[in-house]
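For reference, the structure is listed below as structure tokens.
Any read-out appearing in this document is the output of simple, stated calculations on the displayed coordinates, not a laboratory observation. Since the structure is predicted, the reported quantities are computational estimates derived from the model, not experimental observations. Every residue, glycine among them, receives a Cβ derived from its backbone with ideal geometry; neighbour counts consider all protein chains shown.
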């Protein structure tokens, strides 16, 4: 720098170098920007594996990189008595208890995981629309929280990663002084390396374990970033609508009979799972209870044989007739036993 190379000569020496802030009084202290081709190249330079690089993009570009926390996980957590249960406020717990008095044979205990699990399954069987709304709302708010929390930790780790080397990561670049860059060349003896490769070699010499974000995603979560108020506001509307519907005798004229039917059906069959038709002589026909309809007190049943499928709505008695007296039903080519 002292007469050997000026700022323009330095920039011309390698396309990755830009003099960000020139110090005319002390050129060696001028601030340089070492630009990588893209952020992935920089992430590789700091030693991140492909899983962590993918997670980085997932967090930084959530609309293109998928979900950190998805609806399948949310549904499983809800059914197991976790997830949404930890975030329901007092008002929503009271509404759930009110619903439980109608559809649930026991008193709902929101402090007991087994009680919550049984109620969640009952809610899913009886009112899948409301169940799915709660699941999807929780998944959305939890995913937003995990992205926000993860992004902060990732940004902090990257920002502090090169402190011991006086190398500061900013976006797709590394910021340092001219004196420090030349000092690294002298220290590492890599005089023929371009600046980006020199920085990568310097990073690899650090005794610092960064990353493993994808492996430890739950450790990145921070509840203070979860919008509990927004979540409960949406759940409150869902539960209010359900309570209104339950007490609307025009919409649910058979609600008491329906609840009793659901108890009998769910005690013998798993809703949403295929099982062989007991009296099918061909052993090729399967049946699945798709859902139960509280409005009509009917069982929505899917029937399949090979590549053909049919859906029907049956009363409880006709459902048992289908299972044990299938000859009473005519479903054309699909169901020719």
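Taking the 0 to 90 degree range and rounding to the nearest ten, how far is the long axis of helix 195-204 tilted relative to the main principal axis of the chain, both from C-alpha atoms?
60
Kindly identify region 21-144 as rounded, prolate or oblate by the Cα gyration tensor criterion: order the square roots of the eigenvalues as a ≥ b ≥ c, call it rounded if a/c is under 1.5, otherwise compare a/b with b/c, prolate if a/b is larger, else oblate.
Since a/c reaches 1.5 and a/b is larger than b/c, the shape of region 21-144 is classed as prolate.
Please give the length that would be gained between residue 38 and residue 224 if that part of the chain were fully extended, namely 0.36 nm times their separation in residues minus their C-alpha to C-alpha distance (nm, one decimal). Could you put the intermediate results ahead of the total?
Details: separation 186, 0.36 × 186 = 66.96 nm, distance 3.24 nm.
Working it through step by step, the gained length comes to 63.7 nm.
Would you work out the relative contact order for region 255-334, in percent, from Cα pairs under 8 angstrom that are 6 or more residues apart?
Working: 109 pairs, mean separation 17.9, N = 80.
Relative CO of region 255-334 lands at 22 percent.
For region 79-137 and region 213-259, write down the distance between their C-alpha centroids in whole Å.
Their Cα centres are 8 Å away from one another.
For P(r) over Cα pairs in 10 Å bins from 0, in percent, several values are listed as [x] 5, 22, 30, 26, 14, 3, 0; [y] 5, 23, 29, 22, 13, 6, 2, 0; [z] 5, 19, 18, 15, 13, 10, 9, 7, 3, 0, 0; flag the one computed from this structure.
[z]
Work out, step by step, the length gained on full extension between residue 163 and residue 323: first 0.36 nm times the residue separation, then minus their alpha carbon distance; give nm to one decimal. Can you show the working numbers first?
Details: separation 160, 0.36 × 160 = 57.60 nm, distance 7.06 nm.
Once the chain is fully extended between residue 163 and residue 323, it gains 50.5 nm.
Could you state the angle between the C-alpha long axis of helix 113-126 and the longest principal axis of the C-alpha atoms of the chain, as a value from 0 to 90 degrees rounded to the nearest 10?
The helix 113-126 is inclined about 70 degrees to the chain.
Per DSSP helix of 4 or more residues, -39500 (n - 2.57); summed, then divided by the residues of the chain. What does that give at 222 nm, rounded to the nearest 500?
Numbers: 13 runs with 163 residues, N = 337.
Helices in the chain give a 222 nm mean residue ellipticity of -15000 deg cm²/dmol.
Compute the acute angle (0 to 90°) between the alpha-carbon long axis of helix 128-161 and the principal axis of greatest extent of the alpha-carbon atoms of the chain; round to the nearest 10°.
10
Relative to a virtual label point 7 Å from the Cα of residue 172 in the Cα→beta-carbon direction, which members of region 16-47 show backbone nitrogen distances below 19 Å?
So the set is 16-20, 32-47.
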